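Here's the structure we're looking at; comments come further down.
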Amino acid sequence: MIVEICATSLKSIINAQDAGADRIELCQEYLIGGVTPSETFTHQSIQNSRIPINILIRPRGGDFNFTDKEFDIMIESIYNFKNYNVNGFVVGFLNDKNKLDSNRLAEFRNITKGYELIFHRAFDYLNNQDESLELLIENNFDRILCSGSTSDSEKGLEKLIHLKNAAGNKISIMPGGGVNLNNFNLFKSSNFNEIHLSAIDKNISLDSNYDIIKEIVEMSKQ
């Protein structure tokens, strides 16, 4: 099982790779759900990382109904980050009817050829998820990060399993949101191939916690 850590600091990256995680989703501003990292932070992260890094492309917190100007900012960010040694990009957006725009999907896939492309938890807000799943498959997205349209993945497990079954081998469904030591085995026993978590203990810091990641990684191999 692939363990992906949402990292917002260099310490998080170091903890993740030292604890055996497989991949990083890089962003900043954890408390508002993550936004596009700065180029400086991205450069530092790549220098310090031995594991693949996917970059979150999100110009602001809040909803996922972006303006044309915000889409231009997202596209510009992708072109800038293509100058770095990144593994892929994480995007997500809805139109004013909470549906996907197939032209936008094709546009983002076209400019990220050769990179992994992931659709993030904006998927949880779509009102036609089965149709959206097919659109993402048609546009060659590699993965969907979602929580089953609830506040956390444990509550949305039944929906996540439905999506995984509907996706087959055409696209990966990666649970994320509220994944922790107490519920990890629910996802493992449901045969998900990938898992996403921040592994943060807010009582200690907003850095991803080495001990939590280490235990998750060990559980993933059992």
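Of (1) over 17 Å from the mean Cα position of the chain (by Cα); (2) farther than 23 Å from Asp207 by Cβ; (3) of a type in the set (A, V, I, L, M, F, W, C), Ile14 satisfies all except one. Which?
(2)
Please count how many residues of region 150-182 are surrounded by fewer than 19 Cβ atoms within 10 Å (Cβ to Cβ), touching a residue at least 12 places away in the same chain (Cβ under 8 Å) and at positive phi.
1
List, please: which pairs have Cβ atoms under 7 Å, are six or more places apart or on different chains, and start with a residue in region 32-59 that is without any contact (Cβ under 8 Å) to a residue 12 or more places away in the chain and more than 13 Å from Gly92 (Cβ to Cβ) and end with one that is outside any loop (DSSP other than H, G, I, E, B) and among the polar types (S, T, N, Q)?
Ser38/Gln28
Is it true that Ser147 is closer than 23 Å to Lys202 by Cβ, at pLDDT below 95 and not basic (Lys, Arg)?
So Ser147 fails the test.
If you scan region 183-204, which residues turn out to be closer than 20 Å to Ser9 by Cα and free of Cβ contacts under 8 Å to residues at least 12 places away in the same chain?
Listed by number, the residues that qualify are Asp201, Lys202, Asn203, Ile204.
Counting residues that are over 25 Å from Glu138 (Cα atoms), which strands (runs of 3 or more DSSP E) fully inside region 1-119 reach at least 2?
2-7, 23-26
Do we have Met1 as within 29 Å of Asp130 (Cα to Cα) and without any contact (Cβ under 8 Å) to a residue 60 or more places away in the chain here?
Against the criterion (within 29 Å of Asp130 (Cα to Cα) and without any contact (Cβ under 8 Å) to a residue 60 or more places away in the chain), Met1 does not qualify.
State which residue is surrounded by the fewest Cβ atoms within 10 Å (Cβ to Cβ) when the search covers only region 93-118 and only residues that are without any contact (Cβ under 8 Å) to a residue 40 or more places away in the chain and within 28 Å of Gln47 (Cβ to Cβ). Don't jump to the end; show me each part of the working.
Restricting attention to region 93-118, the residues satisfying the condition of being without any contact (Cβ under 8 Å) to a residue 40 or more places away in the chain are 93-115, 117.
From what's left, within 28 Å of Gln47 (Cβ to Cβ): 108, 111-115, 117.
On the way: Phe108: 22, Ile111: 15, Thr112: 22, Lys113: 8, Gly114: 6, Tyr115: 18, Leu117: 23.
In this case the residue turns out to be Gly114.
Given the criterion within 16 Å of the chain's Cα centre (by Cα) and touching a residue at least 24 places away in the same chain (Cβ under 8 Å), identify the matching residue among Phe89, Phe71.
Answer to the check: Phe89.
The values are calculated or read from the model by the stated rules, or taken from the named source; none is laboratory data. Since this is a predicted model, take the numbers as computed values, not measurements. Note that we place each Cβ from the backbone using ideal geometry, even for glycine, and neighbour counts take in every protein chain shown.
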